[in-house]
Each structure stands twice: as C-alpha cells, then as structure tokens.
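Worksheet: the structure to be examined is printed underneath.
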Amino acid sequence: ERTVRATPTQPLRNNEPNANMPRHPNVASVFVIPVKYKDGFPYAVLLSEQDARTSPFARLFEPKLDAFGGKRDPGEDCITTAVREVGEESGMLIRGKPLQALRDWIAAQLQLEDSANVYWDEEGGAVFFFYPIPCGEEKFWYTLHETFAHQFGALPYDRTRKRSPIRLHWVKIDAYMH
C-alpha cells in the first residue's frame, strides 16, 4: 500500500496560525476543491463550469471546468481569499455554517506541518485546498449543483463579473492511488 502525501509546506514557525502558508508575495491565487469520499477514498470533486463569454481561459479548455477560487486582494490572507471566492463563485449559496466549517478546516490545515490536502505550485503562486466534505454536511454539498442549477439555470448569476460559473458539476475520479 502506498500513501501519497503533499510535499511538506514549510517548517512550523513558532506555532503561529498560517505558519505553513508561504508568506512571500508570489501567493497570488487561492483555490478550493470540495472532495466527495466513498469507502474512504476520494470519489468525486466539485468543479464549476465557466461561462466562455466571461472567462478568457474557458475558451482554451474543454470542458470548461475550474476550481472555486481566484486572486488574492491586497492585504488578504489565504483563508479570507478562499472563503470570499467560494462564496462569490457559488452565487453566495455557500454561506453560514458550511462556509464557517470550510474556514475552520482551512485554518486547521495551515497549522499542520505537512497536510496532504494543501498543494501549491513550485513558485508558491497558487494554493489548492482539497476539502473533504464533512459527514454532517454531505447533503448540503452533494446537492449543491442542483441548488445552483435551480437558482441560476444555465446563465451566469452575475454577468458583470470577469469570470462567472454557469453550472456546478461533481466530476468522478476514475483513478486514484492508495
């Protein structure tokens, strides 16, 4: 049996909150990918389908799927960016208790010396949080794509934004290592 772990982040600095998050200015983008587990293994991830009319990158890839996330605003820490972007890109459907649970989970991950759920590119420019759906919130997360479709249909919920999802999709993971 093989265990795949993320590359260690940084040595824990004085047990500070966010001690493991790269602090250099290259951390410009933060992304969250909710993960559904089945029989103890990752089974599917929740991604947003981008509107090709509002996203320059959506025209480059097929299908036009992306993680919840985006650029950090000046002065924002990574937790604040992640929570803000998840809220915005879900059309504010993810709020209240689920959003607070996500915030708390990210904060806990950043205090670990080595988290298998946190990845970033070599330059530290993009951080990815793979969020395992908590047992008590499975119904909310597992049906979020249906709620989004009911609320927003096939149209972007805010055409004034630079980038806007038109649907949410649970994408099955066919291959995984364990």
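If only one of ILE94, ILE106 is modelled with pLDDT of 85 or more, part of a loop (DSSP other than H, G, I, E, B) and within 18 Å of ILE33 (Cβ to Cβ), which one is it?
Sole residue among the options that is modelled with pLDDT of 85 or more, part of a loop (DSSP other than H, G, I, E, B) and within 18 Å of ILE33 (Cβ to Cβ): ILE94.
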Name the residue that is modelled with the highest pLDDT, counting only residues in segment 147-169 that are open to solvent by 50 Å² or more (accessible area, probe 1.4 Å) and part of a strand (DSSP E or B).
HIS169
Could you list, in sequence order, the residues of segment 104-135 that are open to solvent by 30 Å² or more (accessible area, probe 1.4 Å) and closer than 16 Å to SER48 by Cβ?
PHE128, PHE130
Selection status of ALA101, modelled with pLDDT under 90 and open to solvent by less than 40 Å² (accessible area, probe 1.4 Å):
no
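The values are calculated or read from the model by the stated rules, or taken from the named source; none is laboratory data. Note that the structure is a prediction, hence the values are computed from the model and not measured. Backbone-built Cβ (ideal geometry, glycine too); neighbour counts: all protein chains shown. Remember, those area values only see protein heavy atoms, side chains included, never the ligands or the DNA or RNA. Shrake-Rupley method; radii C 1.70, N 1.55, O 1.52, S 1.80 Å.
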